[in-house]
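A short worksheet on the structure shown next.
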Amino acid sequence: MFSAIFRLSPITHLAAAALAFGGFQWVKGRLDTSYAASGHPVDYATGQLAFDARLIEGYYAHMIEAGTLQVYWQTQFIDFGFIAAVMIVAVLFGTLAARFGGRINRLGVWGWNLGLAAAFLGVSGAAFDALENLLSFMMLASSHTIPQPLALAYSTAAAVKFALLTTAMFSLLLSLMAGAAGKIQSAVSRARR
């Protein structure tokens, strides 16, 4: 699945990851600016984890009254760029962490597997973010009378997204730790020989 990435030289891989992270930061800045301009009354996580149609209708009513609901619509489109950036960053950083472990010993293999898991979990989290975004368009289309099942589906997709992305970051950290420990163990073994 990631074989094309592993054919890159380590320097090219690292440069691609750094470039992707820069792009991610740029898109995130645009998204944050647009979200703030929309006047949405609560932060991302609070709004996405409402699980209550009436509460979400209240958020939309606040923006309608302020005349900024159209900005919120635009924010949802920018969010697709952010989602794509998350996927790219997840793949490049996860595979970079896997590569760092190098499968040189058992710890290296753990680092490799955890790095690939981080990539997969990050992409899966971003996919649920895309689903959540599509559901938000459906809610915006009926902003005065949002069906409760739709609000539940929207917040459930957000909860799964947050869980997957958090697990991806934890896996990435563990991958780097296992890879570093594997390299130290390998160096100690060589020194003893």
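The values are calculated or read from the model by the stated rules, or taken from the named source; none is laboratory data. In this text the structure is predicted, and so the values were computed from the model without any measurement. Every residue, glycine among them, receives a Cβ derived from its backbone with ideal geometry; neighbour counts consider all protein chains shown. All accessible areas refer to the heavy atoms of the entire protein, side chains included, with ligands and DNA or RNA removed. Shrake-Rupley method; radii C 1.70, N 1.55, O 1.52, S 1.80 Å.
Overview of results
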| read-out | value |
| --- | --- |
| Accessible area in the full protein assembly, largest first, 1.4 Å probe, for TRP112, TRP73 | TRP73, TRP112 |
| Per residue accessible area in Å² of the chain, where ligands, DNA and RNA are left out and the probe is 1.4 Å | 52 Å² |
| Positive-end residue of LEU55, ALA45, ASN113, charge dipole of region 45-113 with Cβ unit charges | ASN113 |
| Net charge over other residues, Cβ less than 14 angstrom from the Cβ of GLN148 (K, R count +1; D, E count -1) | -1 |
| Rounded to 10°, Cα long-axis angle of helix 10-38 versus longest principal axis of the chain | 20 degrees |
| Computed FRET value (nearest 0.05) for GLN74 with ARG103, which takes r as the C-beta separation and R₀ as 35 Å | 0.15 |
| Per-selection Rg to Rh, region 1-67 - Cα, Kirkwood hydrodynamic radius | 1.27 |
| Between 0 and 90°, nearest 10: helix 69-101 axis offset from the chain longest Cα axis | 10 degrees |
| Shape metrics for region 136-193, restricted to C-alpha atoms - Rg then Dmax, Å | 22.7, 73 |
| Positive-end extreme of charge dipole, the chain - chosen from PHE162, MET139, ILE184 (charges on Cβ) | ILE184 |
| Alpha-carbon Debye profile of region 83-143, log10 I(q)/I(0) at 0.12, 0.30 Å⁻¹ | -0.39, -1.03 |
| On Cα atoms only, tilt of 148-192 relative to the major axis of the chain in degrees | 10 degrees |
| Within the accessible area of region 1-152 (1.4 Å probe), percent carbon and sulfur | 72 percent |
| Alpha carbon convex hull of region 22-116, projected area averaged over orientations, nm² | 7.5 nm² |
| Cα→Cβ-extended label distance, 7 Å offset, between ASP52 and LYS28, nm | 3.0 nm |
| Residue-averaged 222 nm ellipticity for the chain, from DSSP H runs of 4+ at -39500 (n - 2.57), nearest 500 | -30500 deg cm²/dmol |
| Region 139-188: chymotrypsin sites (Phe, Trp or Tyr not before Pro) in DSSP loop, at most 10 other beta carbons within 10 Å | none |
| Separation between Cα centres of region 100-165 and region 37-66, rounded to whole Å | 21 Å |
| Reciprocal mean inverse distance between Cα atoms of region 20-178 - Kirkwood radius, Å | 16.6 Å |
